[in-house]
Every structure is written in C-alpha cells, then in structure tokens.
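The values are calculated or read from the model by the stated rules, or taken from the named source; none is laboratory data. This structure is a prediction, so every number in the text was calculated from the model and none was measured. Positions of Cβ are generated from backbone atoms using ideal geometry, with glycine treated the same way; all protein chains shown enter the neighbour counts.
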Amino acid sequence: PGRGPGAAPPADRLFEARQRLFGGGAPEVIFWRDSAGWCPFCEITWLVLEEMEVPYEVKTVPLRRYMLEGETKDAEYTRLVGPEGVVPGVQFRAASGFGPAVQSVERICDELRRRYPERYPAGSDAVRARACEGKASVFGRLRVARRSYEACAGAQSSALVALQPLASALADLDGMLAEGGPWLDGPRPSVADLMLLPFLERTEAAV
C-alpha cells in the first residue's frame with residue numbers, strides 16, 4: 001500500500017534480519033535474544049556484534065513478562081541454558097556445529113575479545129571505568145531508568161526507584177563527551193558507548 005508499480009522493494013530492517021554476514025559465507029555465532037528486541041543486555045550484545053562485524057545468525061525467545069498465553073521458551077535454547085531461558089546467549093562456531101551458549105554481557109564480551117582481539121572495540125580502560133564500572137558510574141546510575149521504567153510498566157517492585165541519579169549521570173556523560181567526541185573515546189564507538197546506548201533509550205522512556 002502506498003507504493004507505485006515502479007517502486008523498489010522496501011529495504012530489509014535490521015531488527016528483522018535473521019542473519020548478518022558482513023560479506024562472510026556463514027555465521028560464526030548464533031545470537032539468542034529476546035523476541036521483542038527490548039532487553040537492554042541483548043541490545044548491548046547486538047551492538048557489539050554489529051560494531052565488530054562478526055557474522056551472526058539470530059534466534060529469539062520471548063521474555064517471560066511478555067509471553068502470550070500458551071507460549072513457551074524455545075526448547076532448543078532451554079536445553080542449552082536451563083528452563084529459565086535467560087537471554088542474551090551466544091554460541092560460537094566449533095569444529096562440529098556450534099558450542100554451548102555463553103551467557104551474560106560480561107562473559108560474552110570477554111569471549112568476543114578473546115576470539116577477535118583486533119576487531120573488539122575495547123576503548124581505553126580509564127574511559128570504560130568512568131563510564132561503566134560500579135554503581136556510581138554513568139552506567140550504574142542509568143540502570144535506575146530501567147528499573148523505574150519496568151516498575152511503571154507493571155513489573156513487581158515495592159516502590160518506584162527515584163530518578164534523581166539520572167540528572168547527575170547525564171550531566172557527567174555530557175562532560176565526558178565534551179572532552180573529545182563524538183564518542184566517549186574518540187571517533188569510533190567503544191564498548192563503553194555500546195553499553196550506555198540501551199539505557200539512554202530507557203532513560204527517555206522513563207522521563
């Protein structure tokens with residue numbers, strides 16, 4: 001609808017892509033993410049894979065909070081990681097097929113760095129520490145936005161988490177970007193940037 005007979009077909013949307021090969025012949029990893037594309041930790045993993053251009057295949061499982069009546073987690077994935085089926089998970093190509101799923105952003109990034117050191121967007125240790133390490137970091141304070149958003153959306157919570165830390169986190173982030181830019185560590189995004197982006201999205205939703 002709305003397209004003339006001579007119009008080109010619509011471009012594939014990244015969100016809907018089931019494979020991203022970046023010129024390669026076959027996926028090197030299987031990336032398990034939530035089917036809604038809303039899990040921030042899945043988004044971090046996704047952004048890192050994209051920035052590194054590691055050929056990957058996408059498989060999805062529903063988050064429990066968004067599962068429809070009668071819907072279940074993918075049995076293939078729960079066999080790999082257990083009945084909870086927590087995402088993200090990444091399987092790396094092995095000598096025969098794909099290996100076990102690596103879970104948690106930290107472990108996934110460590111494994112990506114080990115396997116593809118020249119492609120890994122590590123950035124400087126100092127910038128990453130200021131931006132992402134510890135509760136007082138920008139990342140630590142932005143995670144408040146995620147908890148507050150989920151509480152507003154109906155997640156179980158004894159009380160809404162105060163949003164005051166967001167103002168100071170955003171001010172500190174502005175200050176870090178003003179030191180160089182356009183990214184935290186110069187002209188290219190690093191892991192620190194990719195960790196913050198999904199939580200900045202949630203900050204916008206929360207406020």
TODO: Return yes or no: is Ser96 surrounded by 14 or more Cβ atoms within 10 Å (Cβ to Cβ), over 23 Å from Val191 (Cα atoms) and of a type in the set (Gly, Ala, Ser)?
DONE: no
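Pick from the range 73-93 the residues that are among the acidic types (Asp, Glu) and closer than 18 Å to Trp38 by Cα: which of them is surrounded by the most Cβ atoms within 10 Å (Cβ to Cβ)?
Step one: list which residues in the range 73-93 are among the acidic types (Asp, Glu), which gives 74, 76, 84.
Imposing the further condition that a residue be closer than 18 Å to Trp38 by Cα reduces the set to 74, 84.
Numbers: Asp74: 15, Glu84: 9.
Of everything passing the filter in the range 73-93, Asp74 is surrounded by the most Cβ atoms within 10 Å (Cβ to Cβ).
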- [ ] State which residue pairs qualify: first residue in contact (Cβ under 8 Å) with a residue 24 or more places away in the chain and inside the range 105-129, second residue exposed (fewer than 13 other Cβ atoms within 10 Å of the Cβ) in any location, beta carbons under 7 Å apart, and separation of 6 or more residues or different chains.
- [x] Pro121/Arg188
Open item on the list: touching a residue at least 60 places away in the same chain (Cβ under 8 Å), crowded, with 16+ Cβ neighbours inside 10 Å and in contact with a strand residue (DSSP E or B) (Cβ under 6 Å, 6 or more places away or on another chain): which single residue out of Ile44, Ile30 fits that description?
Closed with: Ile30
- [ ] Just give me the residues in the range 108-141 being loosely packed, with under 13 Cβ neighbours inside 10 Å and part of a helix (DSSP H, G or I), in sequence order.
- [x] Arg114, Asp125, Ala126, Ala129
TODO: Report yes if some residue within the range 142-158 is within 20 Å of Trp46 (Cα to Cα), modelled with pLDDT of 85 or more, in a helix (DSSP H, G or I) and over 17 Å from the mean Cα position of the chain (by Cα); otherwise report no.
DONE: no
